[in-house]
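These notes are about the structure you will find just below.
The values are calculated or read from the model by the stated rules, or taken from the named source; none is laboratory data. This structure is a prediction, so every number in the text was calculated from the model and none was measured. Cβ atoms come from the backbone with ideal geometry, glycine included; neighbour counts cover every protein chain shown.
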Amino acid sequence: MNLRCEHLSKSFDGTRALSDLTLEFPASGVVAIIGPNGAGKTTLINVLTGFLNPDGGRFFLGERELSRLPAHKIARLGVARTFQDLRLIAQVPVLENVMLARPNQKGEGLLRALFRVGVAAEERRNYEEAMRWLEFVGLGAAASQMAGELSYGQQKLLTLACCLATDAKILLLDEPVAGVHPEMVSKILDLMVQLRDAGKQIVFIEHDIASVRRVADLVIVMDQGRVIAQGKPAEVLERPEIMEAYVA
Amino acid sequence: MQYVLHILTLVCIYNILAVSLEVLVGRAGFLSVAHAAFYGLGAYTSALLAVQAGVPFLVGNLAGVAVAVAISLVVSLPSLRVHDDYFVIATFAFQVILFSIFKNWMGLTQGPLGIPGIPRPVIFGWHVTTHLDFLILAVAFACFAYFVVWRLTCSPFGRVLHAIREDEVFAKAVGKNTLYFKMTAFAVSAALAASAGSLYASYITYIDPSSFTVMESILIISMVIIGGAGTLLGPLVGAFVLVTLPEALRFVGLPDAVAANLRQIIYGSLLVIMMMFRPRGLVGKYSFGK
């Protein structure tokens with residue numbers, strides 16, 4: 001199943017962030033969305049994940065229309081996201097953040113929480129699954145640390161682990177390596193490649209062209225709420241008019 | 001001795017109110033100023049059933065809880081869609097409306113005249129009549145309230161509430177229906193407050209609207225904040241301090257002419273000083289408003 005949108009539009013106080021945008025993401029691989037500030041990249045992710053309602057147009061996961069679904073329902077359908085600004089529960093351990101993200105927890109129901117029927121076994125399973133994703137992103141040893149005590153790059157990894165713990169098939173990552181130490185950038189990009197190879201679909205917004213060249217299978221260039229080009233990185237990123245628009 | 005037992009019974013009743021509000025304020029991060037309204041709903045429902053229909057205490061108590069839960073769901077559905085300040089205003093409006101109903105629906109609540117002659121509880125043949133009996137009952141109710149709040153907060157349900165308090169957007173992004181959790185927390189909070197109201201009505205044997213004003217809501221909020229939000233010990237400490245402090249000031253030996261006013265000034269000053277030097281409350285984890 002892949003994400004696609006038809007004629008999406010969104011304005012803020014008269015400024016068009018998305019303008020009649022029609023786009024189909026491939027069912028596999030890593031897709032990079034690039035473009036100048038204000039091109040509508042983050043707005044697109046906010047709309048596709050239900051955090052913003054579009055003014056017009058529709059979007060789908062496979063054949064299922066998601067356009068009017070709230071954010072939590074879209075996440076449950078397998079579309080997870082990270083944010084430009086880190087969103088975590090800083091005052092609880094790293095492990096708790098990831099366990100929170102596990103889907104369909106019986107212990108989240110009122111009566112199950114009170115009477116604890118089957119909750120302990122489920123918590124054990126969720127613990128194991130959360131640890132698996134923490135090990136995957138390299139934070140296994142930091143599981144008991146408070147999330148707020150991690151470095152910025154580690155917190156980026158933690159947000160990725162939270163996304164993965166939701167069992168989402170599609171990951172929308174908003175600037176996953178922005179402001180991160182170069183070594184950590186390399187690590188995050190490697191993880192993205194591993195996830196792609198494991199069958200996850202990854203869409204990420206990025207300003208760093210070197211990172212895009214390194215991992216993207218497809219590049220989508222946006223400007224003023226529209227897609228102005230898309231194709232393989234080697235083709236798109238060599239076009240002078242694209243780079244000119246991007247730099248502008 | 002009777003006086004001490006009376007104060008301890010009030011501590012237990014306020015303890016239930018404070019720990020039930022803790023679910024909302026300390027765990028989910030929502031400030032409700034309608035807690036006295038739910039307290040009153042429980043009190044009026046069980047009192048009316050007991051006085052007019054002879055309904056036993058426990059049944060009346062459960063009826064009060066059911067009414068409070070039903071009304072909390074109606075109130076919270078629109079209120080919890082708005083955020084922070086707007087939620088406070090919405091609950092304030094509800095508090096004012098309910099107080100007006102208590103005060104003006106003469107046919108049902110007898111308005112300012114109140115409802116006298118509320119029977120003392122009889123529970124499975126146990127006639128709760130003495131101060132000691134009532135203290136035992138109040139302790140049992142408080143333990144039950146603590147048990148409920150502890151089970152909820154130390155569970156995956158509580159984990160989501162904590163996430164909502166810290167970052168609701170994050171909770172939504174990982175697939176949590178935050179409205180459901182907030183409504184459920186509001187309903188649990190209202191249910192326990194109503195239970196405390198029923199207990200209060202049968203203890204005092206008389207209720208009138210003056211016990212369920214917005215000032216009462218603020219007193220309960222103060223208990224949570226001064227005791228310390230985010231812990232189970234906080235509401236216990238807060239209820240104990242705020243019930244016993246005004247009583248302790250009675251024994252300071254203030255001149256009769258100014259005693260009442262001075263007590264209020266001393267009481268208020270102590271609260272201000274405490275908030276300045278211990279903004280997380282006496283045993284709390286969070287600064288209020290975080």
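Hey, B:TYR203 hits all of (1) more than 10 Å from chain A (Cβ to nearest Cβ); (2) within 15 Å of the chain's Cα centre (by Cα) but one; which does it fall short on?
It fails just one condition, (2).
So A:ASN104 ticks every box in (1) of a type in the set (S, T, N, Q); (2) in contact with an Asp or Glu (Cβ under 7 Å, 6 or more places away or on another chain); (3) more than 7 Å from chain B (Cβ to nearest Cβ) but one. Which box is left unticked?
Tallying (1) of a type in the set (S, T, N, Q); (2) in contact with an Asp or Glu (Cβ under 7 Å, 6 or more places away or on another chain); (3) more than 7 Å from chain B (Cβ to nearest Cβ), A:ASN104 fails exactly one: (2).
Return the only residue of A:GLY225, A:GLY138 being over 23 Å from A:ALA71 (Cβ atoms) and in contact with a helix residue (DSSP H, G or I) (Cβ under 8 Å, 6 or more places away or on another chain).
A:GLY138
Within region B:181-193, work out how many residues are within 9 Å of chain A (Cβ to nearest Cβ) and under 20 Å from A:LEU69 (Cβ atoms).
1
Just to check your reading of the model, which residue among B:LEU31, B:LEU41 is within 30 Å of B:LEU249 (Cβ to Cβ) and either under 16 Å from the mean Cα position of the chain (by Cα) or not aromatic (Phe, Trp, Tyr) (or both)?
Result: B:LEU31 is the single residue among B:LEU31, B:LEU41 that is within 30 Å of B:LEU249 (Cβ to Cβ) and either under 16 Å from the mean Cα position of the chain (by Cα) or not aromatic (Phe, Trp, Tyr) (or both).
Any idea which of B:ILE89, B:ILE115 is out of contact with any Pro (no Cβ under 6 Å at 6 or more places or on another chain), farther than 29 Å from A:PHE51 by Cβ and away from chain A (no Cβ under 12 Å)? Spell out how you get there, then give the answer.
Values: B:ILE89 fails: farther than 29 Å from A:PHE51 by Cβ.
The match here is B:ILE115.
Being within 7 Å of chain A (Cβ to nearest Cβ), crowded, with 23+ Cβ neighbours inside 10 Å and either aliphatic (A, V, I, L, M) or within 20 Å of the chain's Cα centre (by Cα) (or both) is the filter here; which residues of region B:139-166 pass it?
B:VAL160, B:ALA163
Would you confirm whether or not region B:167-176 contains a residue that is touching a strand residue (DSSP E or B) at 6+ places or on another chain (Cβ under 8 Å) and more than 10 Å from every other protein chain (Cβ to nearest Cβ)?
Looking through region B:167-176, none of the residues is touching a strand residue (DSSP E or B) at 6+ places or on another chain (Cβ under 8 Å) and more than 10 Å from every other protein chain (Cβ to nearest Cβ).
Any residue that is over 30 Å from B:PRO279 (Cα atoms), modelled with pLDDT of 90 or more and among the acidic types (Asp, Glu) - is there at least one of those in region B:215-236?
Within region B:215-236 (the criterion being over 30 Å from B:PRO279 (Cα atoms), modelled with pLDDT of 90 or more and among the acidic types (Asp, Glu)), the answer is no, since none of the residues qualifies.
Would you check which residues across region B:229-263 are touching a residue at least 60 places away in the same chain (Cβ under 8 Å) and of a type outside the set (A, V, I, L, M, F, W, C) and list them?
Across region B:229-263, the qualifying residues are B:GLY230, B:THR231, B:GLY234, B:PRO235, B:GLY238, B:THR244, B:GLU247.
Quick check on this structure: which one of A:ALA168, A:ALA120, A:ALA130, A:ALA141 is part of a helix (DSSP H, G or I) and buried (at least 16 other Cβ atoms within 10 Å of the Cβ)? Walk me through it before giving the result.
Numbers: A:ALA168 fails: part of a helix (DSSP H, G or I); A:ALA120 fails: buried (at least 16 other Cβ atoms within 10 Å of the Cβ); A:ALA141 fails: buried (at least 16 other Cβ atoms within 10 Å of the Cβ).
Exactly one of A:ALA168, A:ALA120, A:ALA130, A:ALA141 is part of a helix (DSSP H, G or I) and buried (at least 16 other Cβ atoms within 10 Å of the Cβ), namely A:ALA130.
Among the helices (runs of 4 or more DSSP H) confined wholly to region B:49-133, which include 2 or more residues that are farther than 29 Å from B:THR184 by Cβ?
Fully inside region B:49-133 and qualifying: B:84-104, B:106-109.
Condition test on A:LEU69, is it more than 15 Å from A:CYS163 (Cα to Cα) and within 14 Å of chain B (Cβ to nearest Cβ)?
yes
For region A:19-39, name all the residues that are modelled with pLDDT under 95 and under 24 Å from B:VAL169 (Cα atoms).
A:ASN37, A:GLY38, A:ALA39
Scan region B:152-167 and give yes if some residue there is touching a residue at least 24 places away in the same chain (Cβ under 8 Å) and aromatic (Phe, Trp, Tyr), otherwise no.
Within region B:152-167 (the criterion being touching a residue at least 24 places away in the same chain (Cβ under 8 Å) and aromatic (Phe, Trp, Tyr)), the answer is yes, since at least one residue qualifies.
What is the number of the single condition among (1) assigned to a helix (DSSP H, G or I); (2) more than 30 Å from B:PHE102 (Cα to Cα); (3) without any contact (Cβ under 8 Å) to a residue 60 or more places away in the chain that B:LYS176 does not meet?
For B:LYS176, the failing item is (1).
Identify, from the list A:ASP13, A:ASP55, A:ASP85, A:ASP20, the residue that is surrounded by fewer than 16 Cβ atoms within 10 Å (Cβ to Cβ), away from every other protein chain (no Cβ under 14 Å) and out of contact with any Lys or Arg (no Cβ under 8 Å at 6 or more places or on another chain).
Unique residue meeting the criteria: A:ASP13.
Residue check, B:GLU247 against (1) closer than 30 Å to B:ARG120 by Cβ; (2) at pLDDT 90 or above, all met but one. Which one?
(2)
Just need a number here: residues in region A:169-211 that are among the basic types (Lys, Arg) and in contact (Cβ under 8 Å) with a residue 60 or more places away in the chain.
Going through region A:169-211 one residue at a time, the tally reaches 2.
Of everything in region B:34-57, what is surrounded by fewer than 24 Cβ atoms within 10 Å (Cβ to Cβ) and hydrophobic (A, V, I, L, M, F, W, C)? Give them in sequence order. Can you show your working first?
Taking region B:34-57 and keeping what is surrounded by fewer than 24 Cβ atoms within 10 Å (Cβ to Cβ), we get B:48-49, B:51-57.
Those that are surrounded by fewer than 24 Cβ atoms within 10 Å (Cβ to Cβ) and hydrophobic (A, V, I, L, M, F, W, C): B:LEU48, B:LEU49, B:VAL51, B:ALA53, B:VAL55, B:PHE57.
Answer yes or no: is there a residue in region A:198-207 that is acidic (Asp, Glu), surrounded by 21 or more Cβ atoms within 10 Å (Cβ to Cβ) and within 16 Å of the chain's Cα centre (by Cα). Outline the logic, then answer.
So in region A:198-207, the residues acidic (Asp, Glu) come out as A:206.
Right, trim to surrounded by 21 or more Cβ atoms within 10 Å (Cβ to Cβ) and you get A:206.
Retained after the next criterion (residues that are within 16 Å of the chain's Cα centre (by Cα)): A:206.
Looking for residues that are acidic (Asp, Glu), surrounded by 21 or more Cβ atoms within 10 Å (Cβ to Cβ) and within 16 Å of the chain's Cα centre (by Cα), one finds at least one in region A:198-207, hence yes.
Surrounded by 15 or more Cβ atoms within 10 Å (Cβ to Cβ), farther than 25 Å from A:LEU61 by Cα and over 18 Å from the mean Cα position of the chain (by Cα), is that true of A:ILE242?
yes
Any residue that is more than 14 Å from every other protein chain (Cβ to nearest Cβ), among the hydrophobic types (A, V, I, L, M, F, W, C), in contact with a Lys or Arg (Cβ under 8 Å, 6 or more places away or on another chain) and touching a residue at least 60 places away in the same chain (Cβ under 8 Å) - is there at least one of those in region A:42-52?
no
Quick one: would you say A:GLU96 is at the interface with chain B (Cβ under 7 Å from one of its Cβ atoms), surrounded by fewer than 23 Cβ atoms within 10 Å (Cβ to Cβ) and either of a type in the set (D, E, K, R) or in a helix (DSSP H, G or I) (or both)? Working first, answer last.
On the way: at the interface with chain B (Cβ under 7 Å from one of its Cβ atoms): yes; surrounded by fewer than 23 Cβ atoms within 10 Å (Cβ to Cβ): yes; either of a type in the set (D, E, K, R) or in a helix (DSSP H, G or I) (or both): yes.
Taking the combined requirement at face value, the residue satisfies it.
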